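The values are calculated or read from the model by the stated rules, or taken from the named source; none is laboratory data. Please read all numbers here as calculations on a predicted model, not as lab measurements. Backbone-built Cβ (ideal geometry, glycine too); neighbour counts: all protein chains shown. Side chains are part of the model used for accessible areas, which takes the heavy atoms of the whole protein and leaves out ligands, DNA and RNA. Shrake-Rupley method; radii C 1.70, N 1.55, O 1.52, S 1.80 Å.
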Amino acid sequence: MADAPDLTTAYSHCETLARTHDRDRFLAALFAPPSLRRDLCTLYAFNLEVARVREVVREPMPGELRLQWWRDLIEGLGRGEVSGHPVAAALLDLLGRTDIPKGALLNLIEARTFDLYDDPMPSLNDLEGYAGETSSVLIQLSAGLLLGRQDAKIANASGHAGVAIAITGLMRALPLTAARGQCFLPMDILAAYGGSREDVVGRKTTPAVRDIARVVGASRLRRQWLLWRAARKARAGQAFVTLPVA
């Protein structure tokens, strides 16, 4: 059995993952105090590991097993389970040092179970719930790390911001998810406009649906500039700063 990675290596690995695969959150973390950056990147690396399960499995059952591994790890905090897995090692250390609620991470994992199957998103309400458990929770937990404590007062703002970020991200990823047979456009919205799941996935995908991703969100360079400008305004003492959602 391989030895568990040392924490310095584990945290460095998490930072590399965030920098490579979650660029916007990584750049935002650079404006946090240096002592907290590794904690933020660990949280984001865990999210990446869970979010991309669908991409590395061919069938739902192996994906379910991968998600269950993360559940068992979080619920049991079993040190023997992190051999060779730097993200798991860093996450366990983070949970041991902070008041991040394990329940929030377990809810995130549960929400990601939806990704493993091709069932369409039933309704706008379901989509908002999915966004809340995946994207909003990351904002709330990140804010808690920055505050030094988890605070329920930031839940409302985190909820709205997370829904905006999640929906924008899903729109940008629509060609990929549609090609995999996934329909994140809520069925009640599609039905209201005379559409169906087949208009999003499969051979009948309409040009209008395929073109959604081309007009959503700013370029990577512009997003980096907006993050820098927002951080500069915050440091200048402005209490309320509007950040881009994509």
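Between region 2-47 and region 62-136, the C-alpha centres lie 17 angstrom from each other.
Taking other residues whose beta carbon is less than 13 angstrom from the beta carbon of residue 99, and scoring Lys, Arg as +1 and Asp, Glu as -1, yields +1. Each Lys or Arg adds one and each Asp or Glu subtracts one; over the other residues with Cβ under 11 Å from the Cβ of residue 63, this totals +1. Once a ≥ b ≥ c are taken as the square roots of the eigenvalues of the Cα gyration tensor of region 75-190, is the result rounded (a/c under 1.5), prolate (a/b larger than b/c) or oblate (a/b not larger than b/c)? Because a/c hits 1.5 or more and a/b fails to exceed b/c, region 75-190 counts as oblate. Shown for region 23-77: the carbon plus sulfur share of the solvent-accessible area, taken with all protein chains present and a 1.4 angstrom probe, equals 53%.
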